[in-house]
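Read the structure below first, then the notes.
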């Protein structure tokens, strides 16, 4: 008996066992209606927890609403919140800090991640164990990593300062990674790179392993050198994967909050105060709900716009 | 079969009765919310007497200080019913009263014969009244507190240290009388070898996230005569907040941080202060009186090794106010039981026990007791400090005002950005914006 016949008989049996009332009701529905019936709960859920809050946030961004004073009359303030956000030098400072963090974390993560993937792809003895070890930081909680690195950076007892001191001969207590205005922005870049380079490595490794061997064999036949092979085969074929990794990590790092709060709380002063940290302060400490809604919408539009441009570029690279 | 049924019926009845008993006990429990610190443990001990007397069980929700304001203000703003009683910070009183979070206690005090005259005036003003200084009470003073200092008495008394200090500064090494003397002593100890280890001058509050650096720096600002307004209640801050004295005080605090703190304390508050002192890193440290009983009992650095002193004056005697009042939450479904707790807590005998357990009573019967000053090595300093305390804004928008000050101070003191004058000018701009939003300017 063929598979098809078995399925048909099972369906008939199920139809016969269905109570008449329900069968009559369902029989009147088209396939499209039944499909809608199935996906309706999901759509309702998405509307309730995603779309509605977004629309509500847009509405609030035009008001002076404060969530800690629910009884106060809410006034429509037009574009005043947007104007305040866009003309606030402190918020522009936060955006600059975020851009610095984003650029350098991406730079190091792509560079080191690709190099690690390239090495792991050599399939040397024990590469599986090394892959697991390299992946460990990514599996930790950002709060744990933040706390852990706070101790490593401690100038008097921290291991990081001692390692630097070992190589440079400088006094370990003579510099403070998270207490110095100049070093703190790099301190958070180092920790994020340590934690998330494995993620970039994994994606690059997938890209490297997707390159068929016969292409390398053809290059060898054509007497292409290692540099030429890398430049003309490896890099172009891994590029879409790399760009995807950059897209995912950029979106995540634009929203970065927990790791940096644990490490520096945005300090010293405001030198590591990312946009998301200030947004949280505006929304849930100062309770300027209207203004923080406008701030959130501006951040959302920025990420959404940049991601769209980036995806178009990614598609262009893929279609080559 | 009949026996089997009877057994099951008995089990069922027992379970139901047990359930009722449990429900009944739970209905009698009230929850008190506070910060997780030494005095909270003393309060747990004290509250056992309340349960024994009234049969009302006590539950506690203690939140670590760095998250206390966030957690509790979110709870209040969402109309949460977690807390029946809250020992909330003095600065919350305006918001608690105006936003309807706290129950007004005037009628209750009148009915129960509880008089605010029985409590230290500074604590009633700071912890209970809103609008400030008016006889509208929203809390009972629960825990008097102020920011003060402690030092390594054993190091101060070493002959070689005494000698070296006298040679350098031409006077005996003793707890400082002024802020300038404090810096001299801190400078003297900075990097000094004592018992084979490098020591540092002081630990001061520099924390960025909650309220740390503001509470620390105001210790210097108040001592120089800092005022929030030229005329109380007018919000006229220009010339008060950025007065020459305020600028000088802020420059002093920054210099103290730069010259005389141990490396790595760029985000230091209560716990870091205790850690640096207990680990023998610093000669002096600032912290709240609330921690002093625990420090005095500490086996490593307490007893004869520790001494205490009130925040030194500069132009005026002043200390930064800490401490809290106890309020009944308006969203609570057990307000009657919560009020019973306040009535019980206000009794002189309970207040005396509160002090003996490590809490800081604000009741006159305790503070005016002839033996009070000698009851603890820091008791006299506590009395002196409470006579000259000053507090931050207590406005409903206090969190916004505090965050602005945190940012401006940390930017200037720790991150070296701009001058003291610029920091205070920007602070006035921030506060003006807040008061304009509030409709007060």
Working only within the range B:269-287, note down all residues that are in contact with a helix residue (DSSP H, G or I) (Cβ under 7 Å, 6 or more places away or on another chain), under 15 Å from residue B:212 (Cβ atoms) and in contact (Cβ under 8 Å) with a residue 40 or more places away in the chain.
-> B:269, B:270, B:285, B:286, B:287
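Kindly indicate whether residue A:201 is part of a helix (DSSP H, G or I), within 20 Å of residue A:109 (Cβ to Cβ), at pLDDT 95 or above and more than 14 Å from every other protein chain (Cβ to nearest Cβ).
On the way: part of a helix (DSSP H, G or I): yes; within 20 Å of residue A:109 (Cβ to Cβ): yes; at pLDDT 95 or above: yes; more than 14 Å from every other protein chain (Cβ to nearest Cβ): yes.
Answer is yes for this residue.
Would you say residue B:441 is loosely packed, with under 15 Cβ neighbours inside 10 Å and more than 14 Å from chain A (Cβ to nearest Cβ)?
Numbers: loosely packed, with under 15 Cβ neighbours inside 10 Å: yes; more than 14 Å from chain A (Cβ to nearest Cβ): yes.
So residue B:441 fits the description; yes.
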Scanning the range B:93-109 residue by residue, the ones that are over 9 Å from residue B:138 (Cβ atoms), out of contact with any helix residue (DSSP H, G or I) (no Cβ under 7 Å at 6 or more places or on another chain) and in contact (Cβ under 8 Å) with a residue 60 or more places away in the chain total 3
Hand me the list of helices (runs of 4 or more DSSP H) wholly inside the range B:40-124 holding 2 or more residues that are within 14 Å of another protein chain (Cβ to nearest Cβ) and either crowded, with 17+ Cβ neighbours inside 10 Å or at pLDDT 90 or above (or both).
-> B:65-77, B:93-98
Residues of the range B:402-441 being farther than 19 Å from residue B:207 by Cα, in a helix (DSSP H, G or I) and without any contact (Cβ under 8 Å) to a residue 12 or more places away in the chain, which ones?
-> B:422, B:429, B:433, B:436
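Taking helices (runs of 4 or more DSSP H) that do not extend beyond the range A:205-320, which have at least 3 residues that are in the same structural domain as residue A:123 (by TED's automatic domain parsing) and closer than 30 Å to residue B:71 by Cα? Outline the logic, then answer.
Details: elements: A:213-221, A:226-229, A:235-254, A:258-263, A:275-284, A:289-319.
Because the criterion is at least 3 residues that are in the same structural domain as residue A:123 (by TED's automatic domain parsing) and closer than 30 Å to residue B:71 by Cα, the helices (runs of 4 or more DSSP H) in the range A:205-320 that meet it are A:235-254, A:258-263, A:275-284, A:289-319.
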Scanning the range A:231-264 residue by residue, those buried (at least 22 other Cβ atoms within 10 Å of the Cβ) and within 14 Å of chain B (Cβ to nearest Cβ) turn out to be A:260, A:263, A:264
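The values are calculated or read from the model by the stated rules, or taken from the named source; none is laboratory data. This is a predicted model, so every value here is computed, not measured. Neighbour counts are summed over all protein chains in view; Cβ atoms, including those assigned to glycine, are modelled from backbone coordinates with ideal geometry.
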